[in-house]
Amino acid sequence: MTALLPRLFYISAAFALYLLLQPYPVTIFMAACFACLTLPLYRGLTLKARAWQGVLEREGGGQRRLSLRFRLAAARFGPVYSYTIFIVAAVFAPVAALVLLVAPQAAAGLARLRELRANNFQLPPDCVEYIQQIRELLAGYPRLEKTVDDFFRNVDTLFFDAVGLLNRGADVLGGTMTVLWTTFLFFMLTVFFAVYARRIRILTARILHLPQTVLRRFVTAAHRALRAIMLGIVLVSLAQGFLCGIGFAVTGIRQPAFWGLLSTLTAPIPIIGTTLVWLPLCLSLWFSGKTAAAVGLGLWGILAVSNVDNFLRPLFLRQGINAPFFALLASILCGLAVFGPVGLIVGPVLLTFAVQALTEGNRFYTAHR
């Protein structure tokens, strides 16, 4: 009973926090991921502050008492304040840049997108009729028709999830208080997870009865996976969106920054990605009589944009996640299907957790065989 009592208290505390924060699962998960990704930075700041504090305490005899207290307080609380400023800047700087670039084009771009969709992306009547004939032909093969319909329905859902993000971003003033509260909670939880990371790991080990070294290996694996996701999904998607924006601007597409941002949001989708954006625009140029621009945009999309995805994404992801690339693709697709846009991170993280759990199981089995 004595051994179980502390675990009961720990579980009760965890359950109380769960009841308090359970309306915000995505915010909690993203804050935990961001804290894990930036934890080495906070630890580095803490080590430097401790070294400075030691120097001040050794040399404090010749300094005025008030000045010494101020410097010691700065050394003690400096890492937390510096870390907070860093994560706020790391989030708001790119968001501000995107807002400045895209906001003037967002309304016109969304209107243009609705117009293109309503007009079948300016396809001529013959092409629309030909597509309809193909659909009627598939009707004779119910299973094949269902598979094709499900595929395009899922693609359509993913594409308009990205458009929905832009819609909500353009209409953010309608929910200002919700956005401010969620943002504040994200930063507060990120700082909390980073500052108390060691205590959280100790409590987790006590609740689950796991050795500290095992938990430390899980945290290290999660950190490597998140760094790979940052490089292989986020940065590669930004690069693809930037390249798409250049292509759209050169070929005369109106609102190129808007379409570039939309390409960034669709880029993480495996296999099709930015094709969801540049291919319809390419067809629109072709059937509008701008043949050279359409061919140029198509070649740019195939040779430049798609090759960034084909080469850099697998390279970055496999450096941090010890799994076959097809398993990584499956984890991303399943994560998107189950969790929505946040599944881009949840899927690979869960795959990493599964791989690390198998590794720990094999290590334990080998040691005790």
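Observations
- Ranking of Val346, Val80, Val95 by count of other Cβ atoms within 10 Å, fewest first: Val95, Val80, Val346
- For segment 81-97, putting each phi into the Karplus relation 6.51 cos²θ - 1.76 cosθ + 1.60 with θ = phi - 60° gives couplings of 5, 5, 5, 4, 4, 5, 5, 5, 5, 5, 8, 7, 4, x, 5, 5, 4 Hz, in residue order, rounded to whole numbers and with x for Gly and Pro.
- In terms of surrounding Cβ atoms within a 10 Å radius of their Cβ, Phe326, Phe77 rank from fewest to most as Phe326, Phe77.
- When each of Trp52, Trp278, Trp259, Trp181 is scored by the number of other beta-carbon atoms lying within 10 Å, the sequence from fewest to most is Trp181, Trp52, Trp259, Trp278.
- Here the relative contact order of segment 210-369, from alpha carbon pairs under 8 Å that lie six or more residues apart, stands at 28 percent.
- Global geometry of segment 181-268, whether rounded, prolate or oblate, following the gyration tensor of its Cα atoms and the 1.5 cut on a/c: prolate
- Cβ-defined net charge surrounding Leu351, 13 Å radius [Lys, Arg +1; Asp, Glu -1]: +2
- Over all other residues within a Cβ to Cβ distance under 12 Å of Pro40, the charged ones net out to +3, with Lys and Arg as +1 and Asp and Glu as -1.
Values quoted throughout were computed directly from the atomic coordinates according to the rules given, and no laboratory measurement underlies them. Everything numeric in this text was worked out from a predicted model, so none of it was measured. Note: ideal-geometry Cβ built from the backbone for every residue, glycine included; neighbour counts use all protein chains shown.
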